[in-house]
Amino acid sequence: MSAGAPATTFSSAQVIGTPGQQPRPAPTGAPTRLPDAPARRLRVLLTGATGYIASQLLPTLQARYDVVLTDARGVHRDGSSIQDVHVLDFQSVEDDALRQLFAGCDAVIHLGYHKPTGPVTVGTRLAYEDERVNVDMAERVYRLSHEAGVHRVVMASSNHASDWYEPLIHARTLDQVTPADLPRSDNYYGWSKIAYEALGFTYATGAPGRRLEIVQVRIGAPRHIEEAHFVGNPVGFKRDLGAWISPRDLTQLIVRSVETPDIRNSDGVPFLIVNGVSNNTRGFWSIANARVAIGYAPEDDSEVFYADAIRHILLDHGDRGRVGTEPTGHCPHRSRKEYPA
Ligand SMILES: NC(=O)c1ccc[n+]([C@@H]2O[C@H](COP(=O)([O-])OP(=O)(O)OC[C@H]3O[C@@H](n4cnc5c(N)ncnc54)[C@H](O)[C@@H]3O)[C@@H](O)[C@H]2O)c1
C-alpha cells in the first residue's frame, strides 16, 4: 500500500446511493459458473428482499434455496408486487417478531439498508444518525442469527468501506485496493460499512459462545453504465468500468459466499471480506482473494460489454490507461464528488 494522503481532498458522500436504480434485467444472461447445489436444500433468510440488489439475485436464490423474504415494505420500489414477503421493520419491531424469521435458517443474506435522507458527509449529525441505523440493523442481524443457530451471515458491504484510497487509484499512485488493506473512508456511508464489518468479526471469533461465519461482500457498481452520463467525464467512466459487476457475477459471488464450506482465515476465524466486481480489464478492487477462498470465477468484463462506449468516450479522444487521465487528457481533473457510488 502506498503511503501518504490522497492527492485530492474531497468526499464521495454527495454521490453515494443511486436513487434512479431500478431492477435491471440480466443483460449478460444467467449465471453459468455456479457451484453444484448443496446436497441438502438450504433455508436462507433474505433481508432487503424488495430492494434493488435483491431483484438481481432472487431468480437464482429461489431456484436454489428455500428463501424466507423480509423487508420493511411489501412491494418493489416501482410498486410492482412480490410474493410472500414478511413485512417487518428491523429498526422498530420487537425481537420476538423477528425470531421466527431466523429460526431454522442455515444462512442469512443481509441486504436491508436504510437510505439516508441526505448526503452522508462527515460532520453532520443527521447523516451520522441516519447511517448509525444501519449499524444497529446489522448488529440485530448478527445477534439474532447467533441466537437462532444460523451458520453463516453474508452481508452487503460496499467498496466505500475503502473509498479513501480511491483518489490514489485515479492519481495513478496505487494500482489495487485489496480487502487486506486497512478499511478507510471519508464519509459516514463508508464508516457504517466498516462498522458492520468490524462487528461481524467479533461474532466470527466465537466470543459470544460459538463462531458465526461471516462474509462481507464489498459490492462495486451493480448497474448499467449509461454512456450519456459520462461524456466529458473519462475518470468517472473508468471508475465505473473498474467497479462494475454484472448481475450474474454478483449472483455467483453471493451464492459462493453462502455455500463455500470453509471460509476460515489463516488464524482459523471464519471471516472473509471480498470485493464484488466482475473480471474487469480496468478493475482496481482486487478479487484475487475471492478467487482463492471461495472459487469466484466471474464471467463478465466491462471492457467487452461497453466496448463501443469506451471508443466514443476514451479512445476517440486519445485517452489511454486503465484509470485516471492522461497528462494531456481532453478533460480537466474531476472532483471525486462526480464519481458515482
Ligand atoms: N445498489 C448499489 O449500487 C450498491 C452498491 C454497493 C453496496 N450496496 C449495498 O447493498 C445493500 C442493498 O442495496 P440496494 O441497492 O438493494 O438498496 P435498496 O434501497 O434498493 O434496498 C434496501 C432494502 O432495505 C429495506 N429496508 C430499509 N430499511 C429497513 C428496515 N428498517 N427494516 C427492514 N428493511 C428495511 C428497504 O425497504 C429496501 O427494500 C445495501 O447495504 C447497500 O449499501 C448497494
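Numbers for the structure displayed
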{"quantity": "Dimensions in Å of region 35-189 - Rg and Dmax from alpha carbons", "calculated": "17.5, 51"}
{"quantity": "Extension gain (nm, one decimal) between His86 and Leu315, 0.36 nm per residue minus Cα-Cα", "calculated": "77.5 nm"}
{"quantity": "Where labels lie 7 Å past Cα in the beta-carbon direction, separation of Asp267 and Arg41 in nm", "calculated": "4.0"}
{"quantity": "Helical mean residue ellipticity (222 nm; -39500 (n - 2.57) per DSSP H run of 4+; nearest 500) of the chain", "calculated": "-9500 deg cm²/dmol"}
{"quantity": "Inter-label distance for Val292 and Glu139, nm, one decimal - labels placed 7 Å from Cα along Cα-to-Cβ", "calculated": "3.4"}
{"quantity": "Where Rh is the Kirkwood radius over Cα pairs, Rg/Rh for region 235-325", "calculated": "1.08"}
{"quantity": "Pair-distance profile P(r), taking every C-alpha pair of region 23-84, with 5 angstrom steps and integer %", "calculated": "4, 16, 27, 22, 18, 10, 3, 0"}
{"quantity": "Net length gained if the chain between Glu226 and Val93 were fully extended (0.36 nm per residue, minus Cα distance)", "calculated": "44.0 nm"}
{"quantity": "Convex hull volume of the chain per residue (C-alpha atoms, cubic angstrom)", "calculated": "133"}
{"quantity": "Sorted by Cβ density within 10 Å, fewest first, the residues Trp244, Trp164", "calculated": "Trp164, Trp244"}
{"quantity": "Inter-label distance, nm, simple model (7 Å from Cα along the C-beta direction), Thr28/Ala180", "calculated": "2.5"}
{"quantity": "Three-way shape label, region 114-162, alpha-carbon gyration tensor, a/c 1.5", "calculated": "prolate"}
{"quantity": "Sorted by Cβ density within 10 Å, fewest first, the residues Leu61, Leu45", "calculated": "Leu61, Leu45"}
{"quantity": "Bins of 5 Å from zero: percent of alpha-carbon pairs in region 243-291", "calculated": "5, 19, 28, 24, 13, 8, 2"}
{"quantity": "Over 15 Å [Cα-Cα, region 144-244], rounded percent", "calculated": "68"}
{"quantity": "Cα Rg, Dmax (largest Cα-Cα span) when computed across region 65-150, Å", "calculated": "14.4, 43"}
{"quantity": "Gain upon complete extension [Glu129, Arg172; 0.36 nm per residue less C-alpha separation]", "calculated": "12.0 nm"}
{"quantity": "Percent antiparallel among DSSP beta bridges (both partners in the chain, rounded to 5)", "calculated": "5"}
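Computed from the coordinates by the stated procedures, all read-outs in this text should not be read as laboratory data. Treat the numbers as computed from the prediction; the structure is a model and nothing was measured. Heads up, the Cβs are rebuilt from the backbone with ideal geometry, glycines too, and the neighbour counts pull from every protein chain shown.
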